[in-house]
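These notes are about the structure you will find just below.
The values are calculated or read from the model by the stated rules, or taken from the named source; none is laboratory data. Keep in mind that what you see is a predicted model, and the values were worked out from it rather than measured. A quick note on method: Cβ atoms are made from the backbone with ideal geometry, for glycine too, and the neighbour counts reach across all protein chains shown. The area values use the complete protein model at the heavy-atom level, side chains included, leaving out ligands, DNA and RNA. Shrake-Rupley method; radii C 1.70, N 1.55, O 1.52, S 1.80 Å.
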Amino acid sequence: MSFCVSIRIWKIVRRQQQKVMSAHSVELLYYAAGLSRALIVNKVVLRFFFWVRKGKKKMFYVTWDPETGGVRLNTLRAKETLGISPRPVFYEELDLLKLDQLGWTYPRCKEPLLWACNKQYFYRGQLVFEAKGANIYDPAKIIFQEGCEKMELIPVDVEAMLKVCEDEMFLAESEAIEFIRNTYIQYASARESVERVKANQLDYEAMVAKLEKETKKKMAIVKQDCDSFDIMEEENAKQSGKKTYVTTKIDKFLASFSGGKDSQVVLDLCTRAIPPSEFEVIYSDTGYELPTSLTLWEEVQTYYKAKFPELRFRTARNHESVLNYWDKIGTPSDTHRWCCSVMKTAPLYRLMKIGDTNRQAKVLAFDGVRAEESTRRSGYNRKGKGKNSTVFNASPILFWNTVEVFLYIFHYDLPINVSYRQGMTRVGCLICPFGSEWNEMIVSKLQQKQITPFLSKIVSTVKSTGVADVENYIKEGNWKRRAGGKGLKFPSYLVIESTKPDLKVRCVNPQLEILTYFCAIGKYEIVKTQEGFSGELLFQQEVYPFQIIQMKQDIIVSFFNTYNKPALQGLIKRALYKAVYCIRCEACEVECPTGALGILSQPIINNKMCVHCHKCLLFHELGCIVAHSLNVTGNNNNNNMKLTSYNNFGLREEWLDVFMSSPNSYFEDNIHGLHPKEQLPNFVKWISQAGIIDDTKSRQLTHLGNILSEIYLDQPEIVWEIIWINLTYGSPIAKWYKEKIEWGFLFTQADIQELVKNDYAESPTTIKNIVYALMRTFRESPIGAMGVCTEMDKQHFSKIPHEELSREALAYSLYLYAENKNSRTFRVSDLYSSDNLLGIYREFGTSKNAVEKLLRSLNSDSNRVLNADLNMGLDHITLREDLDSVKTLSILTGLI
């Protein structure tokens, strides 16, 4: 390609007005394309930029290259494109699988010999065998393809393969390097602006968070021409071409090293994009790292220190052995993955604190996260907030595939973790609740000495829970799905004795002084009493009295009249959980942005430094990792009720509009227009609980559903009233809301979540999603507008009585009430009794006078569905024996 042609392509790309790269980057690419990459054609370069412009998740597709024994990278998907990105297979893995004993011959060489997609093995593009049945106790079983029982292998011609993929890898590397360089320059210059310009000293992150809550729109920090910062809607910022920031203050830049191939590549890219003196490399030694990862860490330090003496390397470790934590918290599980927080994240960010201030540094970490690794990661942005509130992540190789990562390592001859050569697909801890049976098989064979203490602990834990077939239980990975510290004996526990009207908590043998975390909630004062202490806590400009009664081992903590402040109750409970269960794991200390909280010697909060941000209380489920592990086993919560999940989808009015227009053919003719796996199942769940269809499988219209579909066009308000009545019986979360939230109570969505936690043993994440779905139902259907959930301002809601209730809904509700009470006669006053959780008052809050007015109207019908005696001080209601709720509705709507 001539230099003139390169300039012409450059001009075409510039005309796209898409600032996906800096002009410097584009010039570099075309200079290289024109002078030293002569094999690149115009289409390849253009397509590359179009992919970046459109946010395409993949840069290149992979096909086999039989000639080299390797792979090719392609710009377009073709018939031969592989659905799974393969990994290279080396002789060490074949030895482990005993291929040399099964008739295969191959050299013990540095180059790969085959490629694997999951457990299928390919030689020069041909499937030759599969491996099946591997687990922590059993080796894999090899299933050869016909004619492949005995083979003599020739290594992959790595040099030729790299030459074939040279141009595509050049583009991928250049883009990643430019991303790292631009990100570094952007945030380094922002830091300089903050230090230099007085107007930039504002906490822009807090301002963004506040505006997003108020406006319900995604906001972004942008830099103005005058070198100051501003906040605007993210969409507007993108349209105007402004560069957005997640923060304006970065104290340190970090390349986080894990021992894996991805972080290894990112580290090398960082050394090519950033001055080595401007960032550091930290490795978190969790205490059960693979020996090969520890060896690689030493090799990497030697390799880069020779090239960049000023590059700093540090190792982060927890102060205590991981097995000691297993004894106190329980084995990690996929539902309680405490190990990463305690053994990796906390030590890592504790190491990043600024000097002797104990203040948590704001860190921008370049990580090796890739979208290909999981569905969850495929939705990540390349830049964003990390797990810790002071950490921001940038992912240079987010859209790289496995092949590109290995090609990079081969090209630059980087040190490689030997575990990859032995067949591990991902390297991490010796044993992990998210690890595969395949990796466990390899570790058990090659690292038997190292894994034995952990496997023995799992075996003893499983035995203590009464499992009969322990080995099979572990083989199948069931130990990974345990809820937490089941079977552990912990000397302390907490019991919530009441939440209404007062929060009363009994703390037995707490590990810390009970007041340790109170000042994290707000300022408080106490006085000594004969029984213990009495005090007052300041929270959101209001004062709340409390009492602490000290007994032998028990401490009773009571906060008075706090039921209407569920957020406060939640913080109090978290503070007490922390005092009762704390084992000084370090996890909450790194959440404190000011350095007020210290953990290691003795947990203490510096009152002068604490800003009551609540981050140390809200960072985890119950405010404490240990409390969550032990509490989730059922020590303190006997509620076995289950909520229904709706995957964040509420019951939308427009969805019901379409359904009611053709209810009998809605599912068969596929006219719904809903996503079949996400939206449709949850819509079906809602209308099934509303009694419109019989169940979620057959989806047949019920008699009630027929009636509602007939009247929906002319009387939709009646239909929605009936739907809400039925949901308060059929939907667990709607039923809870009807029974627990009083009329006139002012609340936020977070308040509802906190109150639900008092009654349900579901995980906080599950509760959050279900409450969100309920709130969406209120917002996206007429139910909320009936007063059931009235928006008072952008954050607060209230239950306002629905005084415009229809006669039809009242009669329907009364018959449902009678059916559940198993009585056809009752009084109006029964419906308003404080201990009654059923009926029209709980459903709509309609006043007694309004209900009696409707009853008189129903009583005067020629074909009465009920008899109401409301004279001479009487308030009796008698329902007909020959009717039920659905027949009554049919009569009142004129369908009978």
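Kindly indicate whether residue 770 is of a type in the set (Val, Ile, Thr), surrounded by 15 or more Cβ atoms within 10 Å (Cβ to Cβ), touching a residue at least 12 places away in the same chain (Cβ under 8 Å) and not in a helix (DSSP H, G or I). Write out each step before concluding.
Details: of a type in the set (Val, Ile, Thr): yes; surrounded by 15 or more Cβ atoms within 10 Å (Cβ to Cβ): yes; touching a residue at least 12 places away in the same chain (Cβ under 8 Å): yes; not in a helix (DSSP H, G or I): no.
Answer is no for this residue.
Condition first: more than 16 Å from residue 403 (Cβ to Cβ), part of a loop (DSSP other than H, G, I, E, B), open to solvent by 20 Å² or more (accessible area, probe 1.4 Å) and in contact (Cβ under 8 Å) with a residue 40 or more places away in the chain. Now tell me which residues in segment 111-134 satisfy that.
Of everything in segment 111-134, just one residue is more than 16 Å from residue 403 (Cβ to Cβ), part of a loop (DSSP other than H, G, I, E, B), open to solvent by 20 Å² or more (accessible area, probe 1.4 Å) and in contact (Cβ under 8 Å) with a residue 40 or more places away in the chain, namely 119.
Out of the residues in segment 193-207 that are under 20 Å from residue 388 (Cα atoms), open to solvent by 20 Å² or more (accessible area, probe 1.4 Å) and in a helix (DSSP H, G or I), which is modelled with the highest pLDDT? It would help to see each step written out before you state the result.
Let us first name the residues in segment 193-207 that are under 20 Å from residue 388 (Cα atoms), namely 203-207.
Within this subset, residues satisfying the condition of being open to solvent by 20 Å² or more (accessible area, probe 1.4 Å) are 203, 205-207.
Retained after the next criterion (residues that are in a helix (DSSP H, G or I)): 205-207.
Values: 205: 82, 206: 81, 207: 87.
Among those that are under 20 Å from residue 388 (Cα atoms), open to solvent by 20 Å² or more (accessible area, probe 1.4 Å) and in a helix (DSSP H, G or I), it is 207.
Scan segment 143-157 for residues that are within 18 Å of residue 110 (Cβ to Cβ) and either out of contact with any Ser or Thr (no Cβ under 8 Å at 6 or more places or on another chain) or surrounded by fewer than 17 Cβ atoms within 10 Å (Cβ to Cβ) (or both) and jot them down. Break it down stepwise before answering.
Keep residues of segment 143-157 that are within 18 Å of residue 110 (Cβ to Cβ), which gives 153-157.
Once the filter is applied, which keeps residues that are within 18 Å of residue 110 (Cβ to Cβ) and either out of contact with any Ser or Thr (no Cβ under 8 Å at 6 or more places or on another chain) or surrounded by fewer than 17 Cβ atoms within 10 Å (Cβ to Cβ) (or both), segment 143-157 yields 154, 155, 157.
When you check residue 787 against the structure, is it in a helix (DSSP H, G or I), open to solvent by less than 50 Å² (accessible area, probe 1.4 Å), of a type outside the set (Val, Ile, Thr) and on the phi > 0 side of the Ramachandran plot, yes or no?
Working: in a helix (DSSP H, G or I): yes; open to solvent by less than 50 Å² (accessible area, probe 1.4 Å): yes; of a type outside the set (Val, Ile, Thr): yes; on the phi > 0 side of the Ramachandran plot: yes.
Judged against the criteria, residue 787 is a match.
Restricting attention to segment 498-509, does a residue exist that is crowded, with 16+ Cβ neighbours inside 10 Å, modelled with pLDDT under 95, out of contact with any Leu (no Cβ under 9 Å at 6 or more places or on another chain) and in a loop (DSSP other than H, G, I, E, B)?
Yes, some residue in segment 498-509 is crowded, with 16+ Cβ neighbours inside 10 Å, modelled with pLDDT under 95, out of contact with any Leu (no Cβ under 9 Å at 6 or more places or on another chain) and in a loop (DSSP other than H, G, I, E, B).
Does segment 578-597 hold any residues that are open to solvent by less than 20 Å² (accessible area, probe 1.4 Å) and either of a type in the set (S, T, N, Q) or in contact with a strand residue (DSSP E or B) (Cβ under 6 Å, 6 or more places away or on another chain) (or both), and which are they?
580, 589, 595, 596, 597
So, in segment 295-325, exactly how many residues are open to solvent by 10 Å² or more (accessible area, probe 1.4 Å) and touching a Cys at 6+ places or on another chain (Cβ under 9 Å)?
Here the count works out to 2.
Given the condition surrounded by 14 or more Cβ atoms within 10 Å (Cβ to Cβ) and within 47 Å of the chain's Cα centre (by Cα), answer yes or no: does some residue in segment 852-861 qualify?
no
More than 21 Å from residue 565 (Cβ to Cβ) and either at pLDDT 95 or above or assigned to a helix (DSSP H, G or I) (or both): which single residue out of 706, 758 fits that description?
Numbers: 758 fails: more than 21 Å from residue 565 (Cβ to Cβ).
Matching residue, one of 706, 758: 706.
Given (1) part of a loop (DSSP other than H, G, I, E, B); (2) at pLDDT 80 or above; (3) open to solvent by 60 Å² or more (accessible area, probe 1.4 Å), where does residue 644 come up short, assuming only one miss?
(3)
Which one is nearest to residue 502 (Cα to Cα) among residues in segment 521-561 that are in contact (Cβ under 8 Å) with a residue 40 or more places away in the chain and open to solvent by less than 10 Å² (accessible area, probe 1.4 Å)?
559
When you go through (1) buried (at least 19 other Cβ atoms within 10 Å of the Cβ); (2) within 29 Å of residue 795 (Cβ to Cβ); (3) basic (Lys, Arg) one by one for residue 217, which number turns out not to apply?
Of (1) buried (at least 19 other Cβ atoms within 10 Å of the Cβ); (2) within 29 Å of residue 795 (Cβ to Cβ); (3) basic (Lys, Arg), only one is false for residue 217: (1).
Do you know which residues across segment 99-116 are touching a strand residue (DSSP E or B) at 6+ places or on another chain (Cβ under 8 Å), more than 11 Å from residue 151 (Cβ to Cβ) and not aromatic (Phe, Trp, Tyr)? Don't jump to the end; show me each part of the working.
Looking only at segment 99-116, we keep the residues that are touching a strand residue (DSSP E or B) at 6+ places or on another chain (Cβ under 8 Å), and these are 99, 102, 104-106, 112-116.
Of the ones still in play, those that are also more than 11 Å from residue 151 (Cβ to Cβ) are 112, 115-116.
Scanning segment 99-116 gives 112, 116.
Is it the case, given these coordinates, that residue 173 is open to solvent by 50 Å² or more (accessible area, probe 1.4 Å), among the acidic types (Asp, Glu) and either out of contact with any helix residue (DSSP H, G or I) (no Cβ under 6 Å at 6 or more places or on another chain) or more than 22 Å from residue 59 (Cβ to Cβ) (or both)?
Working: open to solvent by 50 Å² or more (accessible area, probe 1.4 Å): no; among the acidic types (Asp, Glu): yes; either out of contact with any helix residue (DSSP H, G or I) (no Cβ under 6 Å at 6 or more places or on another chain) or more than 22 Å from residue 59 (Cβ to Cβ) (or both): yes.
No.
List pairs: first in segment 141-157 and at negative phi, second open to solvent by 60 Å² or more (accessible area, probe 1.4 Å), Cβ under 7 Å, 6+ apart or cross-chain?
141/132; 142/102; 143/132; 152/105; 155/111; 156/111
Report the residue count in segment 653-670 for those that are surrounded by 13 or more Cβ atoms within 10 Å (Cβ to Cβ) and without any contact (Cβ under 8 Å) to a residue 24 or more places away in the chain. Steps first, please.
Here is the first cut: in segment 653-670, the residues surrounded by 13 or more Cβ atoms within 10 Å (Cβ to Cβ) are 653, 655-656, 658-663, 666-667.
Going one step further and asking which of them are without any contact (Cβ under 8 Å) to a residue 24 or more places away in the chain, we end up with 658, 661-662, 666.
Here the count works out to 4.
Can you confirm whether residue 345 is farther than 30 Å from residue 766 by Cα, open to solvent by 10 Å² or more (accessible area, probe 1.4 Å) and either of a type outside the set (Lys, Arg) or in a helix (DSSP H, G or I) (or both)?
On the way: farther than 30 Å from residue 766 by Cα: no; open to solvent by 10 Å² or more (accessible area, probe 1.4 Å): yes; either of a type outside the set (Lys, Arg) or in a helix (DSSP H, G or I) (or both): yes.
Judged against the criteria, residue 345 is not a match.
Rundown of residues vs (1) polar (S, T, N, Q); (2) out of contact with any helix residue (DSSP H, G or I) (no Cβ under 8 Å at 6 or more places or on another chain); (3) free of Cβ contacts under 8 Å to residues at least 12 places away in the same chain; (4) not in a helix (DSSP H, G or I), yes/no style:
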site: 169; (1), (2), (3), (4): no, no, no, no
site: 211; (1), (2), (3), (4): no, yes, no, no
site: 263; (1), (2), (3), (4): yes, yes, no, no
site: 267; (1), (2), (3), (4): no, no, no, no
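Each row is one residue, and each column tells you yes or no for (1) closer than 18 Å to residue 175 by Cβ; (2) in contact (Cβ under 8 Å) with a residue 24 or more places away in the chain; (3) in contact with a Gly (Cβ under 8 Å, 6 or more places away or on another chain); (4) open to solvent by 40 Å² or more (accessible area, probe 1.4 Å).
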{"position": "401", "(1), (2), (3), (4)": "yes, yes, no, no"}
{"position": "404", "(1), (2), (3), (4)": "yes, yes, no, no"}
{"position": "408", "(1), (2), (3), (4)": "yes, yes, no, no"}
{"position": "413", "(1), (2), (3), (4)": "no, no, no, yes"}
{"position": "416", "(1), (2), (3), (4)": "no, yes, no, no"}
{"position": "419", "(1), (2), (3), (4)": "no, yes, no, no"}
{"position": "427", "(1), (2), (3), (4)": "no, yes, yes, no"}
{"position": "430", "(1), (2), (3), (4)": "no, yes, no, no"}
{"position": "434", "(1), (2), (3), (4)": "no, yes, no, yes"}
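Going through segment 672-693 one residue at a time, which ones are touching a strand residue (DSSP E or B) at 6+ places or on another chain (Cβ under 8 Å) and among the acidic types (Asp, Glu)?
Residues of segment 672-693 that are touching a strand residue (DSSP E or B) at 6+ places or on another chain (Cβ under 8 Å), as a first pass: 684, 687, 692-693.
Once the filter is applied, which keeps residues that are touching a strand residue (DSSP E or B) at 6+ places or on another chain (Cβ under 8 Å) and among the acidic types (Asp, Glu), segment 672-693 yields nothing.
Do you know which residues across segment 325-342 are outside any loop (DSSP other than H, G, I, E, B) and not charged (D, E, K, R)?
Initially, segment 325-342 is screened for residues outside any loop (DSSP other than H, G, I, E, B), giving 325-329, 333, 336, 338-342.
Selection gives 325, 326, 329, 333, 336, 338, 339, 340, 341, 342.
Sort out for me the strands (runs of 3 or more DSSP E) sitting completely within segment 359-440 that have 1 or more residues that are in contact with an Asp or Glu (Cβ under 8 Å, 6 or more places away or on another chain) and closer than 30 Å to residue 598 by Cβ.
Details: elements: 363-366, 383-385, 391-394.
Counting at least 1 such residues, we get 363-366, 391-394.
Is at least one residue of segment 279-301 in a helix (DSSP H, G or I), over 24 Å from residue 424 (Cβ atoms) and among the charged types (D, E, K, R)? Write out each step before concluding.
Our first condition is that a residue be in a helix (DSSP H, G or I); within segment 279-301, this holds for 291-301.
If we keep only those that are over 24 Å from residue 424 (Cβ atoms) too, we end up with none.
Scanning segment 279-301 turns up no residue that is in a helix (DSSP H, G or I), over 24 Å from residue 424 (Cβ atoms) and among the charged types (D, E, K, R).
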